[in-house]
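A short worksheet on the structure shown next.
The values are calculated or read from the model by the stated rules, or taken from the named source; none is laboratory data. The model shown is predicted, which means the values in this text are computed figures rather than measured ones. Please note: Cβ atoms are built from the backbone with ideal geometry, for glycine as well, and neighbour counts cover all protein chains shown. Calculation scope for accessible area: heavy atoms of the full protein, side chains included, ligands and nucleic acids excluded. Shrake-Rupley method; radii C 1.70, N 1.55, O 1.52, S 1.80 Å.
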Amino acid sequence: MCGRFTLHHNQTVKNTHKVSIEGSYNIAPSSEILVLLNTPTSLNWGLSVSWSGAEKLLINCRSETMNEKKTFKQLTRCVIPMSGWYEWQRSASKKIPFYHFDLNDQMIYVAGLCNEKNVVVVTKEAESNVSYIHHRQPVLINENQVSNWNDGCALSDITHDYKIQTHRVTLLVNNPRNNTADNILAA
């Protein structure tokens, strides 16, 4: 879940968080991304771990187990701003990409966990309006609750009022080098 996302609200980021970004329509794991701690910073998306001798890049963390698993217990809470995220619906023969975004074109805030270099997205069971595409989604946070999340409030106290819409997009998004607004257009 949440294997790619966008952040193209350049002016909102500048006005709200006092940093300039170059908008992106295809942010892939291992990319450097904007993260909100006490101050905005950039971290690499993905946490490299070694299990059974094999290196693996974790990009997501299940909210249900984030306080139990050793890998995540030592991480700090943070928030990741997004314009939207991609999810792939699996069918018998292929994976079909969909783009999730706020109907009112608001920037979306998502729960994250980080160390000094890396960040993962915190996920939960998908809400009913998007669960037909994938069973997981990012934990969405209202802008006015960013500091609450970072300060350690209970997950059950986090809410959002985004009106998440979704539409199918083309296979352009499957290649991270394709980084244009065409990626988010309905197919």
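Some points to look at:
- Scan segment 37-68 for residues that are open to solvent by 80 Å² or more (accessible area, probe 1.4 Å) and under 13 Å from the mean Cα position of the chain (by Cα) and the total you get is 1.
- Residue-level check: of (1) out of contact with any helix residue (DSSP H, G or I) (no Cβ under 6 Å at 6 or more places or on another chain); (2) farther than 19 Å from D102 by Cα; (3) touching a residue at least 60 places away in the same chain (Cβ under 8 Å), I164 misses just (2).
- When residues of segment 22-36 are limited to those that are assigned to a loop (DSSP other than H, G, I, E, B) and farther than 27 Å from L155 by Cβ, the one most open to solvent (accessible area, probe 1.4 Å): E22
- Search result, residues across segment 149-171 that are outside any loop (DSSP other than H, G, I, E, B) and open to solvent by 70 Å² or more (accessible area, probe 1.4 Å): S156, D157, Q165, R168, L171
- Cβ-Cβ distances below 7 Å connect no pair with a first residue in segment 47-70 that is within 15 Å of N115 (Cβ to Cβ) and of a type in the set (S, T, N, Q), a second residue that is modelled with pLDDT under 90 and surrounded by 11 or more Cβ atoms within 10 Å (Cβ to Cβ), and a separation of six or more residues or different chains.
- The selection criterion, being within 26 Å of L37 (Cα to Cα), of a type in the set (D, E, K, R) and exposed (fewer than 12 other Cβ atoms within 10 Å of the Cβ), does not hold for E143.
- The lone exception for P138 - which of (1) under 21 Å from F98 (Cα atoms); (2) without any contact (Cβ under 8 Å) to a residue 60 or more places away in the chain it fails: (2)
Quick grid of which residues meet (1) more than 29 Å from S48 (Cβ to Cβ); (2) touching a helix residue (DSSP H, G or I) at 6+ places or on another chain (Cβ under 6 Å):
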position: H100; (1), (2): no, no
position: G112; (1), (2): no, no
position: N118; (1), (2): no, no
position: E127; (1), (2): yes, no
position: I133; (1), (2): no, no
position: P138; (1), (2): no, no
position: I141; (1), (2): no, yes
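- Residue list for segment 172-187, filter: under 26 Å from E32 (Cβ atoms) and either part of a loop (DSSP other than H, G, I, E, B) or among the small types (G, A, S) (or both): N175, P176, R177, N178, N179, T180, A181, L185
- Test for V19: is it open to solvent by less than 50 Å² (accessible area, probe 1.4 Å), farther than 15 Å from V121 by Cβ and not in a strand (DSSP E or B): yes
- Evaluating S93 against the criteria (1) in contact with a Gly (Cβ under 6 Å, 6 or more places away or on another chain); (2) open to solvent by 50 Å² or more (accessible area, probe 1.4 Å) leaves one unmet condition, (1).
Okay, residues lined up against (1) under 16 Å from M82 (Cα atoms); (2) of a type in the set (S, T, Y); (3) modelled with pLDDT under 95:
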residue: V120; (1), (2), (3): yes, no, no
residue: A126; (1), (2), (3): no, no, no
residue: R136; (1), (2), (3): no, no, no
residue: L140; (1), (2), (3): yes, no, no
residue: Q145; (1), (2), (3): yes, no, no
residue: L155; (1), (2), (3): no, no, yes
residue: T159; (1), (2), (3): no, yes, yes
residue: K163; (1), (2), (3): yes, no, no
